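The values are calculated or read from the model by the stated rules, or taken from the named source; none is laboratory data. Just so it is clear, the structure is predicted and the values come from calculations on it, not from any experiment. Quick reminder, even Gly has a Cβ in these numbers, built from the backbone with ideal geometry, and neighbours come from all protein chains shown.
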């Protein structure tokens, strides 16, 4: 429990919005953009799903009232995806409608591969009504992702590109990290050239430098995309990117579900634990 608590305190902004808002304010004051995530997933009853839905609706109101520069990120299993797809879609639609009223933005996080197609389908349904207020995530370790990026570009979907953090079988995902990185690089370049304000989400400095060089080489302005990084990880790199004039958005999770969240991340992939552990003492 001790090491988990240390990890949680470094990488999670508290158990309540009252604690998290101070973190967001400090990040905003330094020039960082933020996306807030209320921890929780794998909901199996409607009462819990609706509670999470209402928490996000309240969060959007608080962000607006306080004038914070923050969007929100959420998981569909938190909104009832394990109960019923249509029911989940209704819950997310209410959140996105609220976000549109505040001229804000909702990012649907991508979970394990068994949810990929269903997540994309729900995203597309809502995007049809609120194209400026919703985006989703594509993971470079999945074989299917190149086609998903092509479709996203064609339909002006706003994409956060990440490597992917779940343990997946080799029949659907690249087992070799070099292939994951190669796929990430290819899709990042496609999104930079043709995408709709892509978010490049990685702490891999080599990939970040590739993105920077490619954008400069192709005269892609720094306000046409953003880098996204996790709260508490590679803080020195975050600051350097900001100083160099890039838009940097920090993914800030908070909530009472920090323990199950942390344990699940470690169980999903051992690499997650070592990645976080080595960053405790690294700026």
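The figures follow:
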quantity	calculated
Check on residue 242, touching a strand residue (DSSP E or B) at 6+ places or on another chain (Cβ under 9 Å) and at pLDDT 95 or above	yes
Options 13, 8, 20; residue that is touching a strand residue (DSSP E or B) at 6+ places or on another chain (Cβ under 8 Å) and modelled with pLDDT under 95	13
Qualifying positions in region 111-134 - more than 21 Å from residue 60 (Cβ to Cβ) and in contact with a strand residue (DSSP E or B) (Cβ under 8 Å, 6 or more places away or on another chain)	113, 116, 120
Residues of region 29-39 satisfying the condition of being more than 18 Å from residue 88 (Cα to Cα) and surrounded by 17 or more Cβ atoms within 10 Å (Cβ to Cβ)	32, 33, 34, 35, 36
Considering residues of region 69-84 that are in contact with a strand residue (DSSP E or B) (Cβ under 7 Å, 6 or more places away or on another chain) and either touching a residue at least 40 places away in the same chain (Cβ under 8 Å) or under 17 Å from residue 25 (Cβ atoms) (or both) only, the residue surrounded by the most Cβ atoms within 10 Å (Cβ to Cβ)	70
Residue ranges of helices (runs of 4 or more DSSP H) in region 155-251 with at least 2 members in contact with a helix residue (DSSP H, G or I) (Cβ under 7 Å, 6 or more places away or on another chain), touching a residue at least 12 places away in the same chain (Cβ under 8 Å) and over 30 Å from residue 9 (Cα atoms)	177-194, 205-217
Yes/no for residue 48 being surrounded by fewer than 18 Cβ atoms within 10 Å (Cβ to Cβ), modelled with pLDDT of 95 or more, in contact with a helix residue (DSSP H, G or I) (Cβ under 9 Å, 6 or more places away or on another chain) and not in a loop (DSSP other than H, G, I, E, B)	yes
Residue 172 being surrounded by fewer than 15 Cβ atoms within 10 Å (Cβ to Cβ), touching a strand residue (DSSP E or B) at 6+ places or on another chain (Cβ under 7 Å) and at pLDDT 95 or above	yes
Selection from region 196-211 of residues that are touching a strand residue (DSSP E or B) at 6+ places or on another chain (Cβ under 9 Å) and at pLDDT 95 or above	196, 197, 198, 199, 200, 201, 202, 207, 208, 211
Those residues of region 156-182 which are under 20 Å from the mean Cα position of the chain (by Cα) and farther than 23 Å from residue 203 by Cβ, in sequence order	156, 157
Lone unmet requirement of (1) under 23 Å from residue 248 (Cβ atoms); (2) in contact (Cβ under 8 Å) with a residue 60 or more places away in the chain for residue 113	(1)
Check on residue 143, modelled with pLDDT under 95 and either touching a strand residue (DSSP E or B) at 6+ places or on another chain (Cβ under 9 Å) or exposed (fewer than 15 other Cβ atoms within 10 Å of the Cβ) (or both)	no
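Here is a yes/no grid of residues against (1) buried (at least 20 other Cβ atoms within 10 Å of the Cβ); (2) in contact (Cβ under 8 Å) with a residue 12 or more places away in the chain; (3) part of a helix (DSSP H, G or I):
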site	(1), (2), (3)
13	yes, yes, no
21	yes, yes, yes
27	yes, yes, yes
41	no, yes, no
53	yes, yes, yes
61	no, yes, yes
